[in-house]
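First comes the structure, then the notes that go with it.
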Amino acid sequence: MTGTVNDEDDADGLRHKRRDLLNVARRHFMAEGYAAARMEAIARDASVSTATLYAFFPSKTDLFTHVIDDASDDFARQIQGIQVRGGTVREQLTAFAETYARFMGDPFVRAVFRLVMAERKRFQPTADGFFERGRGEIGGVLMQVIRDQADKGALRIERPSWAAGQLMGMIEHPVFFVPMVTGDDVQSRRDASCIATQAVDTFLARYGTGQG
């Protein structure tokens, strides 16, 4: 029994150490980019030897790939928080839109996207997987709402995927793409709630039936 407990403690310790290394590496990659980040500096910042860092991640390429995969896992956990419960079509769409606006408006989310885009040519499969996973998991939540409400007669939509993309695009533009281009210091005059409400108003004006 003692050996089992010790083994579990050792495993927990390794998981915590790996988590610490990924967090430190993420900060370095986001601040310096892939090319400028140094394994020695990452190890020093994480208070481990370079040999220990290489024991967990055999190369900088391997470390970067795991950093992006780990960020994708973090986003997936946040996306799981977009739970659209019962209510009218407006209430359900607004619940999604407000959560999505806050998520896409998070400076950390933009920072990770910048990093992935900057290194896309070098890490094509990793970058593609990152973008596709986010699109599929977030879009899947909205698609389900649209299909359910269309079945109830509250929406008239021939192509749910197009409609979902249009709603998400109306949200992404002010909270994500504009700051990506102009910098995080430039903030929309509208808050996330206002952006979400106006996007849903436009969406329902196009696809709503006035029912539900």
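The values are calculated or read from the model by the stated rules, or taken from the named source; none is laboratory data. Quick caveat, the model's predicted, so the values are computed rather than measured. Neighbour counts are summed over all protein chains in view; Cβ atoms, including those assigned to glycine, are modelled from backbone coordinates with ideal geometry.
Do any helices (runs of 4 or more DSSP H) entirely within the range 22-96 hold 2 or more residues that are under 20 Å from PRO125 (Cβ atoms), in contact (Cβ under 8 Å) with a residue 24 or more places away in the chain and under 24 Å from the mean Cα position of the chain (by Cα), and if so, which? Give the derivation first.
Values: elements: 39-45, 50-56, 60-79.
It comes to 60-79.
Can you tell me which residues in the range 122-135 are within 23 Å of TRP162 (Cα to Cα) and surrounded by 12 or more Cβ atoms within 10 Å (Cβ to Cβ)? It would help to see each step written out before you state the result.
If we filter the range 122-135 for residues that are within 23 Å of TRP162 (Cα to Cα), which is where we start, we get 128-135.
Correct list: ASP128, GLY129, PHE130, PHE131, ARG133, GLY134, ARG135.
What residue, of ILE138, ILE171, is modelled with pLDDT under 90 and either assigned by TED's automatic domain parsing to the domain that holds PHE108 or under 13 Å from MET104 (Cα atoms) (or both)? Step through it out loud before you land on a result.
Working: ILE171 fails: modelled with pLDDT under 90.
On inspection, the qualifying residue turns out to be ILE138.
Does the range 124-145 include one or more residues that are out of contact with any Asp or Glu (no Cβ under 7 Å at 6 or more places or on another chain) and more than 30 Å from THR65 (Cβ to Cβ)?
Yes, there is a match, as at least one residue in the range 124-145 is out of contact with any Asp or Glu (no Cβ under 7 Å at 6 or more places or on another chain) and more than 30 Å from THR65 (Cβ to Cβ).
Have a look at ARG120, ARG189, ARG135, ARG156 and point out the one that is in contact (Cβ under 8 Å) with a residue 12 or more places away in the chain and of a type outside the set (S, T, N, Q).
ARG156
Does ARG147 qualify as being of a type in the set (D, E, K, R), surrounded by 13 or more Cβ atoms within 10 Å (Cβ to Cβ), assigned to a helix (DSSP H, G or I) and in the same structural domain as PRO107 (by TED's automatic domain parsing)? Talk me through it step by step, then tell me what you get.
Details: of a type in the set (D, E, K, R): yes; surrounded by 13 or more Cβ atoms within 10 Å (Cβ to Cβ): yes; assigned to a helix (DSSP H, G or I): yes; in the same structural domain as PRO107 (by TED's automatic domain parsing): yes.
Criteria met by ARG147.
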